[in-house]
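These notes concern the structure reproduced below.
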Amino acid sequence: MKRILKFSFIIFAFSFVSNAQSSSERDAVEMKVDGLGCPFCSIGLVQKVKKLGDLKDIDTEYETGLFMFTISDKHEVSIEDLQNTVKKAGYTLVYASISRGSGEKVQFGERPETES
Amino acid sequence: MKLKHLTSILGITLFYQISFAQGPPILTDKPILLGAGNSTVRTLTEIRHTNRGRFINTPFIYHYLPTPNILVGVHVNYLNYLFEFSSGLGNGRNLGDISLIGKYQFLRKDQTGKTFRMAFKTLQTLPTGKKLDIDMISMGTYQSYIGLIAGYESIKFGINQELGYALMPESTKDEIRYKVAFGLPLLKPSFPLRQLSLYFEYQASWFVERRDYLLMYAQGLQYSHGRMTFEMAYQWPLSQELAEPEIRAHSIFLSTRLVF
């Protein structure tokens, strides 16, 4: 019985650690895209960005043009990928930043000042 | 005094309407394209009543964007017609005219939360339908259309317009066409997309050779949820000077579109 309990604890601890790792292994991406004048217009951009990989937490602020999402770091998304994606969607990329799960941060352009 | 008040109310209403316009109009074209590699499938069923009879057109519309500023597509009309007995044309159903569409967006000015775009549009219609003389559905003749589309969209202001010329060498129905659309979203902008909008659209046609004209107004309702959009509109003439059989009564439009 002790052995079963011990084994169960190890399995539980392992799954907890692996879950914690997977959640920290996502890159947070923030972009400022000019030209997003209406919610329907952003469908094309969302479709294009989704092709970058396994996206989650997608959000858009139409007033500021900010477009945010997280993506698994296994896709190794780069600033060039974001520039190409936004260009193909027919919009203008003004600013982009990628905060890696590892803590590294890469940035293109100046982050716009927002009220928030 | 009453006229002044009425004008003020109309002005405020119009300003309110155009101040919050967003999304694609139902009957007017737009210069804002949805990104390279994306496709749109749409049906735009029209139930048209004229002095000659009732016509139900159920088109299949497919648009594809090979690049961010070029759109190509095909419109396949399928017609169900019921002519008035006196015309002797009877009733039936058949394939209507097939049109090939091309759009080229040549101007794009983007700013935070707003954009102004212009595009050229061409529509080449093939005479696959019967010669039933039903405008834009089953003319049974070659037609060419070139137009210029301009659109400004922002969180606070939006308007789409189209001006073009339709050439029909085998007919006397050459036409200068102008369309303008305003929208009024009833819900706040949200992500994922969920929007209910009212549309106010005008269409003016001037038939150059016949010196006839037609001015129509359409009241539309549009619901967008994610990649799906459902639309309906009721269109009626505000003013018209047409040959007696062609006089329009009204049209009802029902539409579904999917972006993928």
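The values are calculated or read from the model by the stated rules, or taken from the named source; none is laboratory data. Everything numeric in this text was worked out from a predicted model, so none of it was measured. Here the Cβ is made from the backbone with ideal geometry for all residues, glycine too, and neighbour counts use every protein chain on show. Areas reflect the complete protein model, heavy atoms only, side chains present, ligands, DNA and RNA absent. Shrake-Rupley method; radii C 1.70, N 1.55, O 1.52, S 1.80 Å.
Out of the residues in the stretch B:206-229 meeting the condition of being surrounded by fewer than 14 Cβ atoms within 10 Å (Cβ to Cβ) and in contact with a Ser or Thr (Cβ under 9 Å, 6 or more places away or on another chain), tell me which one is nearest to the other protein chains (Cβ to nearest Cβ). Write out each step before concluding.
Applying the first criterion (surrounded by fewer than 14 Cβ atoms within 10 Å (Cβ to Cβ)) to the stretch B:206-229 yields B:209, B:211, B:225-226, B:228.
Filter once more, so that each one left must be in contact with a Ser or Thr (Cβ under 9 Å, 6 or more places away or on another chain): B:209, B:228.
On the way: B:209: 38, B:228: 10 Å.
Restricting to residues being surrounded by fewer than 14 Cβ atoms within 10 Å (Cβ to Cβ) and in contact with a Ser or Thr (Cβ under 9 Å, 6 or more places away or on another chain), the top hit is B:228.
Quick one: in the stretch B:56-67, of everything that is more than 19 Å from residue B:126 (Cβ to Cβ) and in contact with a strand residue (DSSP E or B) (Cβ under 9 Å, 6 or more places away or on another chain), which residue is least open to solvent (accessible area, probe 1.4 Å)? Step through it out loud before you land on a result.
Initial filter on the stretch B:56-67 (more than 19 Å from residue B:126 (Cβ to Cβ)): B:56, B:65-67.
Still in the running and in contact with a strand residue (DSSP E or B) (Cβ under 9 Å, 6 or more places away or on another chain): B:56, B:65-66.
Working: B:56: 43, B:65: 6, B:66: 64 Å².
Checking each candidate, the answer is B:65.
Quick check on the stretch A:26-57: of everything there that is of a type in the set (A, V, I, L, M, F, W, C) and more than 7 Å from every other protein chain (Cβ to nearest Cβ), which residue is surrounded by the fewest Cβ atoms within 10 Å (Cβ to Cβ)?
Residue satisfying both the conditions and the ranking: A:28.
Does the stretch A:65-74 contain at least one residue that is within 18 Å of residue B:35 (Cα to Cα) and at the interface with chain B (Cβ under 7 Å from one of its Cβ atoms)?
Scanning the stretch A:65-74, I find at least one residue that is within 18 Å of residue B:35 (Cα to Cα) and at the interface with chain B (Cβ under 7 Å from one of its Cβ atoms), so the answer is yes.
From the residues in the stretch B:141-155 that are at pLDDT 90 or above and of a type in the set (Gly, Ala, Ser), which one is surrounded by the most Cβ atoms within 10 Å (Cβ to Cβ)?
The residue in question is B:151.
Read through the list (1) surrounded by 14 or more Cβ atoms within 10 Å (Cβ to Cβ); (2) in contact with a strand residue (DSSP E or B) (Cβ under 6 Å, 6 or more places away or on another chain), then give the number of the only condition that residue B:260 fails.
(1)
Tell me the residue from B:112, B:128 that is at pLDDT below 95, of a type in the set (Val, Ile, Thr) and over 25 Å from residue B:164 (Cα atoms), please. Walk me through it before giving the result.
On the way: B:128 fails: over 25 Å from residue B:164 (Cα atoms).
Exactly one of B:112, B:128 is at pLDDT below 95, of a type in the set (Val, Ile, Thr) and over 25 Å from residue B:164 (Cα atoms), namely B:112.
Mind listing whichever residues of the stretch B:92-131 are away from chain A (no Cβ under 13 Å), open to solvent by 60 Å² or more (accessible area, probe 1.4 Å) and without any contact (Cβ under 8 Å) to a residue 24 or more places away in the chain?
Result: B:93, B:131.
Considering only residues that are farther than 17 Å from residue A:47 by Cα and within 13 Å of chain B (Cβ to nearest Cβ), which ones fall in the stretch A:75-103?
If the condition is that a residue be farther than 17 Å from residue A:47 by Cα and within 13 Å of chain B (Cβ to nearest Cβ), then A:94, A:95 are the ones that fit.
Could you go through the stretch B:10-26 and let me know if any residue there is crowded, with 17+ Cβ neighbours inside 10 Å, outside any helix (DSSP H, G or I), away from chain A (no Cβ under 14 Å) and at pLDDT 90 or above.
No: the stretch B:10-26 contains no residue that is crowded, with 17+ Cβ neighbours inside 10 Å, outside any helix (DSSP H, G or I), away from chain A (no Cβ under 14 Å) and at pLDDT 90 or above.
Among (1) assigned to a loop (DSSP other than H, G, I, E, B); (2) closer than 30 Å to residue B:83 by Cα; (3) over 16 Å from the mean Cα position of the chain (by Cα), which single condition is residue B:136 missing?
Of (1) assigned to a loop (DSSP other than H, G, I, E, B); (2) closer than 30 Å to residue B:83 by Cα; (3) over 16 Å from the mean Cα position of the chain (by Cα), only one is false for residue B:136: (3).
Taking the criterion of being among the aromatic types (Phe, Trp, Tyr), at pLDDT below 95 and part of a strand (DSSP E or B), would at least one residue in the stretch B:85-95 satisfy it?
Taking the stretch B:85-95 first, the residues among the aromatic types (Phe, Trp, Tyr) are B:85.
Among the residues that remain, those that are also at pLDDT below 95 are: B:85.
Within this subset, residues satisfying the condition of being part of a strand (DSSP E or B) are none.
Looking through the stretch B:85-95, none of the residues is among the aromatic types (Phe, Trp, Tyr), at pLDDT below 95 and part of a strand (DSSP E or B).
Since residue A:100 meets every condition but one in (1) open to solvent by 50 Å² or more (accessible area, probe 1.4 Å); (2) modelled with pLDDT of 90 or more; (3) farther than 30 Å from residue B:39 by Cβ, which condition does it not meet?
Only one criterion is unmet by residue A:100, namely (2).
Go through (1) modelled with pLDDT of 90 or more; (2) on the phi < 0 side of the Ramachandran plot one by one and return the number of the condition residue B:53 breaks.
The failed condition is (2).
Return a yes/no flag: does the stretch B:68-86 have any residue that is surrounded by 19 or more Cβ atoms within 10 Å (Cβ to Cβ) and of a type in the set (D, E, K, R).
No - not one qualifying residue is present in the stretch B:68-86.
Name, by its number, the condition in (1) touching an Asp or Glu at 6+ places or on another chain (Cβ under 9 Å); (2) within 14 Å of chain A (Cβ to nearest Cβ) that does not hold for residue B:251.
Of the numbered conditions (1) touching an Asp or Glu at 6+ places or on another chain (Cβ under 9 Å); (2) within 14 Å of chain A (Cβ to nearest Cβ), the odd one out for residue B:251 is (2).
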